[in-house]
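The values are calculated or read from the model by the stated rules, or taken from the named source; none is laboratory data. From a predicted model like this one, the values you see are computed outputs, not experimental measurements. With ideal geometry, Cβ positions are generated from the backbone for all residues, glycine too; neighbour counts draw on all protein chains shown. Surface areas here come from the heavy atoms of the whole protein model, side chains and all, with no ligands, DNA or RNA. Shrake-Rupley method; radii C 1.70, N 1.55, O 1.52, S 1.80 Å.
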Amino acid sequence: MTVHPFYRRERNQHPPALTPNYKSSVLRAPFRPLVSPEQAELDWTGPAFGHDMLGPLDNDLIRNASAGGEALGERIIVHGRVLDENARPVPNALIEVWQANAGGRYAHSNDTYLAPLDPNFSGCGRTISGADGTYVFRTIKPGPYPWPNNGSDWRPAHIHLSIFGEAFAQRLITQLYFEGDPLIPLCPIVNTIPDPAIVERLVARLDFKNQMPFDCLAYRFDIVLRGRRQTYFENREEGA
Amino acid sequence: MSDGPFDGRLKETPSQTAGPYVHIGTAPQSIGRPALPNQPGPVAFEGTGAVTVEGIVYDGAGEPVRDAMIEFWGADPDGRVGRNGLFGRTTSDFRTGVYRFRTARPGPLKAGTAPYIAILIFARGINLHLATRLYFPENRAQIDADPDLRRVSPSGRASLTAVKASDGEADYRFDIHLQGENETVFFDV
């Protein structure tokens with residue numbers, strides 16, 4: 001069988017497991033070293049998702065939970081490309097998103113923040129990248145909110161992203177922040193990443209030119225998944 | 001598309017915790033909202049060869065993790081992955097912490113290795129998802145001979161091996177210990 005190995009995950013590009021300023025990590029961080037097996041077929045293949053699985057409003061969070069109106073808040077589109085470490089587009093990547101509403105409240109039974117729910121907003125959406133790796137969804141800019149960590153810490157405005165590339169080894173869940181948010185450097189979850197230069201890669205940039213005039217501002221956010229060590233063309237299995 | 005040198009010139013997007021509200025985007029049915037069409041759920045396979053697995057993810061204080069999202073990915077009963085692979089996801093019960101999923105007992109993968117189901121764990125407090133494997137107790141000899149587990153201690157191998165369930169609806173029990181004395185083996189895949 002032909003092998004399609006991925007670059008090893010560069011763990012210094014990710015937060016370590018134990019980050020005591022983010023208190024929830026303290027009892028949930030493994031202490032023992034990870035075991036490194038040889039990559040195998042289960043790692044370099046993964047579940048496949050097709051554009052036909054999406055509902056017409058899946059990528060429009062302003063309208064996809066409408067109770068008769070549209071979601072309240074600053075209307076934005078988030079768009080960008082899904083690439084791999086070799087700068088190649090990753091097509092058909094499933095991106096699931098979830099977020100708080102404009103007041104910083106999640107439509108979730110465990111969220112008790114005093115900001116009100118928005119009857120026209122669930123904060124759940126998804127999209128799939130095109131052949132050139134591009135993706136887009138429309139939403140409202142989520143609000144920041146307080147949470148019990150060191151007294152009352154505040155989360156910067158953020159959108160959670162869950163990404164499936166073409167292989168299980170590329171699986172990733174992360175959070176997107178917004179350019180210019182003064183809460184970013186104050187957040188213990190952001191700061192689980194020790195290097196501010198790495199944090200910058202989680203900050204969506206205002207893309208003023210790509211606004212929808214008189215409708216939505218645009219933010220640009222590119223996503224990079226793990227890349228393979230050899231070309232698809234040399235190693236691609238028949239029919240794979 | 002250019003076919004230039006593969007230099008790994010971009011860096012992978014860094015991970016951030018899935019947080020306590022992961023259900024909204026990945027398992028809306030667990031918070032009383034309709035699942036999206038074709039969204040992966042806790043049942044990936046029914047029919048001959050299907051097995052039900054349940055367990056609890058424990059933290060370092062021995063408390064159940066009640067807000068975990070767990071993904072599973074394995075071969076079909078004939079050992080085929082890729083398009084035939086079986087994927088699903090489940091969540092810990094908010095009250096008991098028990099997670100449950102149903103999939104196929106995977107057929108043999110590579111000669112000399114024991115079949116397993118790849119498991120990923122996402123939760124508040126987990127900064128980068130944890131990867132482990134579920135092996136089956138019927139494959140003890142293959143597990144002990146598996147080259148991937150050569151450097152894993154016998155107790156570590158036990159942490160990766162499901163237990164045949166004796167009561168309830170599940171066929172196997174697979175508890176995961178994030179930290180401490182009985183810590184589950186996690187992989188850097």
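Odds and ends about this structure:
- Shielding by partners, peptide B:82-94 (average Cβ within 10 angstrom, other chains): 3
- Chain A: calculated mean residue ellipticity at 222 nm from DSSP helix runs of at least 4, using -39500 (n - 2.57): -500 deg cm²/dmol
- For q = 0.07, 0.08, 0.12 Å⁻¹, Debye-computed log10 I/I(0) when each Cα of the protein assembly as shown counts as one equal scatterer: -0.32, -0.42, -1.00
- Taking a straight Cα-Cα cut-off under 28 Å and skipping sequence neighbours fewer than 8 places away in the same chain, the lysines within cross-link reach of A:Lys141 are A:Lys23, A:Lys209, B:Lys11.
- Accessible surface of A:Arg229 - all protein chains present, 1.4 Å probe, nearest 10 Å²: 130 Å²
- With all protein chains in place and a 1.4 Å probe, the accessible surface of chain B carries 49 percent carbon and sulfur.
- Qualifying GluC sites (Glu not before Pro) for region A:150-200 [loop in DSSP, other Cβ within 10 Å: at most 14]: A:Glu179
- Expressed as a whole percent, the accessible surface of chain A that belongs to carbon and sulfur atoms is 57, based on a 1.4 Å probe.
- The accessible-area ordering, largest first, of the residues B:Thr48, B:Thr96 stands as B:Thr48, B:Thr96, per a 1.4 angstrom probe.
- Loop-located GluC sites (Glu not before Pro) in region B:1-100 (DSSP state other than H, G, I, E, B) with a sparse environment of at most 10 neighbouring Cβ atoms within 10 Å: B:Glu46.
- Using θ = phi - 60° and Karplus 6.51 cos²θ - 1.76 cosθ + 1.60, couplings along region A:172-183 (whole Hz; Gly, Pro as x): 7, 10, 8, 9, 9, 10, 10, 3, x, 6, x, 7
- Spatial offset of region B:54-86 relative to region B:95-140 amounts to 4 Å, using the alpha carbon center of each.
- Solvent-accessible area per residue for region B:39-177 (1.4 angstrom probe, square angstrom): 40 Å²
- Summing charges over all other residues whose Cβ lies under 11 Å from the Cβ of A:Phe121, with Lys and Arg as +1 and Asp and Glu as -1, gives 0.
- Residues B:Met69, A:Met212, sorted by accessible area with the largest first, give A:Met212, B:Met69 [1.4 Å probe; ligands and nucleic acids excluded].
- DSSP-assigned coil residues among trypsin sites (Lys or Arg not before Pro) in region B:75-110, each with at most 10 further Cβ atoms within 10 Å: B:Arg95
- The listed residues B:Thr17, A:Thr134, B:Thr113, once ranked by accessible area (1.4 Å probe) with the largest placed first, stand as A:Thr134, B:Thr113, B:Thr17.
- The accessible-area loss of region B:143-186 on complex formation, taken against its chain alone with a 1.4 Å probe, reaches 30 Å² or more at B:Asp148, B:Leu178, B:Gln179, B:Glu183, B:Phe186.
- Here the gap between A:Glu200 and A:Leu183, fully extended at 0.36 nm per residue and compared with their Cα-Cα distance, gives a gain of 4.8 nm.
- For B:Glu138, solvent-accessible area (1.4 Å; no DNA, RNA or ligand), Å²: 90 Å²
- B versus A: buried accessible surface, summed, Å² (probe 1.4 Å, to nearest 100): 7200 Å²
- Close amide-amide hydrogen proximity is noted between A:Glu70 and no other residue 5 or more places distant or on a separate chain, at a cut-off under 5 Å (H modeled in the peptide plane; Pro and chain starts excluded).
- Convex hull of alpha carbon positions in region A:11-235: directionally averaged projected area 14.4 nm².
- Each Lys or Arg adds one and each Asp or Glu takes one away; over the other residues whose Cβ falls under 9 Å from the Cβ of A:Arg28, this sums to 0.
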